[in-house]
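Working notes, structure below.
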């Protein structure tokens, strides 16, 4: 079964040359110890070493039969000498693929590998395998010794490490905030799933490109401060998503150090506080609204008091003209109160649209008399250009009416406030251009400078002082936006203003939970 020239390693052959095996000549001493002493040259010593090695040792012939094995081998695999190694170690009926023993027979070199062995009791043990060639006197490989080191504990540690890494990776990926890791060059090295969903891939981009769509670095960079100081920094930032949506983030930066304690990267964690900021803005808006209403109502009540006084004094003195003038003051201030209240109601409750087919010409016809009357009082000419072929479009009639009246009133007021020109004109026109209905309201009033143009649709911004609530154009913009349209302003100080509104011809119909209309209409035309 075994090679006749091969003496098993556990035998007591007196002379290795007699067994046909050769090796390097023995050294005379190792660190002062005489290796030719009887104790070290006694074959029984080597046999004890062979038997007590804390691993599986086995010797294989060219037929892949096991011709010797140490005590640990026999304990776990039984008395299996003479059997094929692939049968003993793995219960196979044929040689294993990529067999290290076969490779050592072929090239005479050591071949390490990792294997999974099955003991006689059925237990599976992961091992690290090292093969060593055993040569005869002529240098030919006549056997291969195989050493199997149990790495079950190492494997368990590797498994625990892998699980820990997976948990950390899952935590990094699934934490409900934006996390990035950036190097000193400001390039994003890693980004979690939440960041990728909102800002895009990001990895490989500089942070100011990914977060703010900038082409140059920010003037103040807390991340670079963390590199310089090694300390965490908290700050609030306004950033842009990949879709251009503005978000408010509360950001914390923290250093990532290497084994030498040097900061080699910075982790940046951003928590989305946009909703909190919106709530704060709404609370601020409520405060501003209360203040604006208070001032507005105070002014209107003063006007009403003046009108009532004129009416009463006219009756007392029997002066009809005084009564007429006082009553006009009362009517004008009542109209302003109505307009203010309806604007406030529209702002206070965000209603869904009730969509119907709208004939813009029919709507303007209903408003025409009221618009002309107010224009005549202000000495302003009004021009309507609404061709029949413009047809209809889908929208909320009440909301569109409120939007249109707000724009017309704004143009009339712009003409009223202009004392430089003798003649003033307000023009209302419309045209159908698929897929839009385009409405234009123009005037040659005082116009607006750049700062006013940029703020004109902001909440509570008014260029009319106490005579305006700052809600009209804000609400008009809100109505157009809710219809999926756009509103643009073209204006130049001293030359007039044009509002260009585009409303989709086809809208998505919806109704409010309580069935109320989407908005109220201000005073003119009622």
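Observations
- Some residue of region 28-43 being closer than 21 Å to residue 147 by Cα, modelled with pLDDT of 50 or more and in the same structural domain as residue 133 (by TED's automatic domain parsing): yes
- Condition check for residue 433: without any contact (Cβ under 8 Å) to a residue 40 or more places away in the chain and farther than 11 Å from residue 501 by Cβ: yes
- One residue alone among 203, 198 is in contact (Cβ under 8 Å) with a residue 24 or more places away in the chain, in contact with a strand residue (DSSP E or B) (Cβ under 9 Å, 6 or more places away or on another chain), closer than 30 Å to residue 250 by Cβ and not in a strand (DSSP E or B), and that residue is 198.
- Which numbered condition residue 168 fails, given (1) in contact with a helix residue (DSSP H, G or I) (Cβ under 8 Å, 6 or more places away or on another chain); (2) not assigned by TED's automatic domain parsing to the domain that holds residue 268: (1)
- Complete set of residues in region 227-239 that are farther than 17 Å from residue 271 by Cβ and outside any loop (DSSP other than H, G, I, E, B): 227, 228, 229
- So residue 446, is it in a loop (DSSP other than H, G, I, E, B), at negative phi and in contact with a helix residue (DSSP H, G or I) (Cβ under 7 Å, 6 or more places away or on another chain): yes
- Taken over region 256-268, the criterion of being touching a helix residue (DSSP H, G or I) at 6+ places or on another chain (Cβ under 7 Å) and surrounded by fewer than 19 Cβ atoms within 10 Å (Cβ to Cβ) is satisfied by 263 alone.
- Any hit, region 339-356, residues being loosely packed, with under 13 Cβ neighbours inside 10 Å, assigned to a helix (DSSP H, G or I) and modelled with pLDDT of 80 or more: no
- Filter result for residue 181 (assigned to a strand (DSSP E or B) and either in the same structural domain as residue 256 (by TED's automatic domain parsing) or under 29 Å from the mean Cα position of the chain (by Cα) (or both)): yes
- Members of region 441-454 that are at pLDDT below 90 and under 26 Å from residue 371 (Cα atoms): 448, 452, 453
- For the residues 158, 217, the requirement of being touching a helix residue (DSSP H, G or I) at 6+ places or on another chain (Cβ under 8 Å) and either under 16 Å from residue 251 (Cβ atoms) or part of a helix (DSSP H, G or I) (or both) singles out 217.
- Condition check for residue 133: within 30 Å of residue 60 (Cβ to Cβ) and at pLDDT 90 or above: yes
- Between 120, 143, 169, 210, the distinction of being over 46 Å from the mean Cα position of the chain (by Cα), on the phi < 0 side of the Ramachandran plot and not in a strand (DSSP E or B) belongs to 120 only.
- Test: residue in region 481-500 that is in contact with a strand residue (DSSP E or B) (Cβ under 8 Å, 6 or more places away or on another chain) and modelled with pLDDT under 85: no
- Those helices (runs of 4 or more DSSP H) of region 57-110 in which at least 3 residues are within 14 Å of residue 132 (Cβ to Cβ) and assigned by TED's automatic domain parsing to the domain that holds residue 127, considering only elements entirely within it, cover 100-107.
- A single member of 176, 184, 133 is in contact with a helix residue (DSSP H, G or I) (Cβ under 8 Å, 6 or more places away or on another chain) and without any contact (Cβ under 8 Å) to a residue 24 or more places away in the chain, and it is 176.
The values are calculated or read from the model by the stated rules, or taken from the named source; none is laboratory data. The structure presented is a predicted model; accordingly, all values stated were derived computationally and were not measured. Quick reminder, even Gly has a Cβ in these numbers, built from the backbone with ideal geometry, and neighbours come from all protein chains shown.
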